[in-house]
Amino acid sequence: ITAEVEARQRLESIADRYLTAIDNMSDGVAFWDADDRLVICNQRYREFGGNHDHMFQIGMTFDEHIRAASVNFLAQGKALETAVQTRISGHQNPPSEIEVKRKNRTLSVRERRTPDGGTISISTDVTQQRLIEGQLRQAQKMEALGHLTGGIAHDFNNLLAVIFGNLELLESRARDYPDLTRFIERGLAAAERGARLTHRLLSFSRKQALEAKSATLDHLINGMRDLVRRALGETINIEIIVD
């Protein structure tokens, strides 16, 4: 017991020398001695870990510390144990850098050996940075989708021009054939719907503001009947009920 008390007092003496220097840092900092016992940690490190005193007892082992702090990990069950083992492995094999998911933030944790055989842990809050990176990736995906959509819509528009031209020529020559005229009118109506869709796709790809118009919902829904029927196949019966 005396040896343990002396060891704790020695650690506390070392901690007092370092505490003033690191306590105001924006990063979380913790020192572990050669026996992997906690020597000191600053307030920011405590905050990152949940700020519960039992997780930051001077002299506790890293294994004890990280398992106590694991309640704040963004994982459960086997995923939690995997996260704990990954964190322990990084600590035991410095230099290392891993990301730790906590309930309310993402931390980048860097581990380095100290000259006396101990370990220093430096934790940086990268939550906002990862959020911005995710938003940037999403914006890049949308930009790529816009370019792809614009290319397809442009090609489709050219095809529609050919369809329109041929149907209008047929319509002018088939005025005396009502049955043919009916089919041609249906083709023209479908081509017009395709042209409107193409215009929307081009507006999306060019990031243009779409023009808001009043619409009758039952008319729009009924107009989608044939499209939905073709998409779902003949094995599914479609019944549309609108007020």
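Kindly state, to the nearest 0.05, the FRET efficiency for Tyr177 paired with Asp226, given R0 = 25 Å and r defined as their beta-carbon distance.
Step by step, r from the Cβ atoms, then E = 0.55.
Compute the helix-to-body angle for 127-173: its Cα long axis versus the longest principal axis of the chain, expressed 0 to 90° and rounded to tens.
Long axis of 127-173 versus the principal axis of the chain: about 10 degrees.
Using a 1.4 angstrom probe, figure out how much accessible area the chain has per residue, in square angstrom, rounded to the nearest whole.
69
From Cα coordinates alone, what are the radius of gyration and Dmax values for the range 109-153 in angstrom?
According to the Cα coordinates of the range 109-153, Rg and Dmax are 20.5, 66 Å.
Over all directions, what mean area does the Cα convex hull of the range 140-208 project, stated in square nanometres?
4.6
Please list log₁₀ I(q)/I(0) at q = 0.11, 0.12 Å⁻¹ for the chain, using the Debye equation with identical point scatterers on the alpha-carbon positions.
With no solvent term, the Cα-only Debye profile gives -0.74, -0.81.
Per the Cauchy relation, a quarter of the hull surface: what is the mean projected area of the convex hull of the alpha carbons in the range 67-139, in nm²?
Directional mean of the projected Cα hull area for the range 67-139 stands at 5.7 nm².
Under 20 Å Cα-Cα from Lys141, which aspartates and glutamates qualify once same-chain neighbours fewer than 8 residues away are excluded?
Of all the aspartates and glutamates, those that pass the test against Lys141 - Cα under 20 Å, at least 8 places apart if same chain - are Glu133.
Which order do peptides 227-239, 163-175 fall in by mean Cβ count within 10 Å, highest first?
Packing proxy ranking, top to bottom: 163-175, 227-239.
In the range 88-184, what is the volume of the convex hull around the alpha carbon atoms, normalised per residue and reported in Å³?
Output value, Cα hull per residue: 177 Å³.
Rounded to a whole number, what % of the accessible area of the range 43-198 do carbon and sulfur atoms account for, probe 1.4 Å?
Carbon-and-sulfur percentage of accessible area, whole number: 56.
Once the other residues with Cβ under 14 Å from the Cβ of Ser70 are scored (Lys, Arg +1; Asp, Glu -1), what is the net sum?
Spelling it out: positives minus negatives among the neighbours equals +3.
Note down the net charge around Phe56, summing +1 for each Lys or Arg and -1 for each Asp or Glu among other residues with Cβ under 11 Å from its Cβ.
That sum, taken over residues with Cβ under 11 Å, equals -2.
The values are calculated or read from the model by the stated rules, or taken from the named source; none is laboratory data. A quick note: this is a predicted structure, and the numbers were derived from the prediction, not measured. Every residue, glycine among them, receives a Cβ derived from its backbone with ideal geometry; neighbour counts consider all protein chains shown. Note: accessible area is taken over every heavy atom of the protein model, side chains too, but ligands, DNA and RNA are not part of it. Shrake-Rupley method; radii C 1.70, N 1.55, O 1.52, S 1.80 Å.
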